[in-house]
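What follows draws every value from the coordinates through simple rules; no lab data is involved. A quick note: this is a predicted structure, and the numbers were derived from the prediction, not measured. When we count neighbours, we look across all protein chains shown, and the Cβ atoms used for this are built from the backbone with ideal geometry, even at glycine.
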């Protein structure tokens, strides 16, 4: 494929720069259009990036002859926009989560398969140096078998944060709270790094500290993997700041701990290894500091795969497993029962 991919972004909110910047720096892609129902936002981003502004994503797709659309929208809109884009022959890169409901995530994959196009799902923290150090140590046997794993997340999402949004904190538009929005990345890392199918989840959810939201601000429980490993999790978003997430693996030959974008492995024989960010974090406009800014790595890999006619490294089928895990956690929490995954 010689021509550049023509890309458009729908949704010009907080996560928009994490897609716009990588696209603008990729020699194989032209960002030709951006879209948002809030016209002033679309106009501002279009002017900034020398792209065309749209206020209706279907019109953007119809008029711009796009190859790829990036979806940076409220969760409930991901499958709606994706399925329309596939029906028009576009490839899709969507932010996490794939959707709110498992059935919608499966429908997105079916639409991709029917169209012969590719569906990518953002889980950029898999590419962090901290993740890859532990992942490779688990895969090549340096750590031996995993005995157990735990993750903790304590972040700050105030009532004021929710009051500024017309979709956050709702079951029908966001699909949940601390699990599906804040903790999903670290839960995905746990599943990715263990690399085993899940047997069951047992989860408790509650709203302990917020006045104006419907969804959970606290979640705790266990994920049992089919090889017998138990993964414990504790997640809240009523802390006073975004504390570094923690993910710890207790293994036969040592212990590995990931803290935000740094990790260290202490082997029982006295050896140790560490991983730190590379320092190539990008700063684009007025963007809050994200830990693990590897959107650029994943998006570049996605376009490399498209150019070669291959599936991306993070496939939609693998992302579906994280969606299934998250949906099982909500089912368990709402029904107060253990949920087995098929």
With R₀ set to 30 angstrom, the calculated FRET efficiency between the beta-carbons of residue 14 and residue 317, to the nearest 0.05, is 0.60
Calculated Rg and Dmax of the Cα atoms in Å (choose from (i) 19.9, 62; (ii) 21.5, 73; (iii) 23.4, 76), label: (i)
Averaged over all viewing directions, the convex hull of the alpha carbons in region 93-223 casts a projected area in nm² of 10.1
At a 10 Å Cβ-Cβ cut-off, how would you order 225, 249, 123, 239, fewest neighbours first? 239, 225, 123, 249
Compute the acute angle (0 to 90°) between the alpha-carbon long axis of helix 78-87 and the principal axis of greatest extent of the alpha-carbon atoms of the chain; round to the nearest 10°. 50
Using just the helices of the chain, give the 222 nm mean residue ellipticity in deg cm²/dmol: DSSP H runs with n ≥ 4 each add -39,500 (n - 2.57), and the total is spread over all residues, rounded to 500. -10000 deg cm²/dmol
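Rg over Rh of region 1-116, using C-alpha atoms and the Kirkwood radius, what does it come to? If you can, show how the numbers build up before the last one.
Working: Rg = 13.4 Å, Rh = 14.1 Å.
Over the Cα atoms of region 1-116, Rg/Rh equals 0.95.
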Distance between Cα centroids, region 121-136 to region 159-188: provide it in whole Å. 23
Mind pulling the angle between the C-alpha long axis of helix 316-335 and the longest principal axis of the chain? Nearest 10 degrees, somewhere in 0 to 90. 60
Could you rank the peptides 227-237, 135-145 by their average count of other C-beta atoms within 10 Å per residue, with the highest value first? 227-237, 135-145
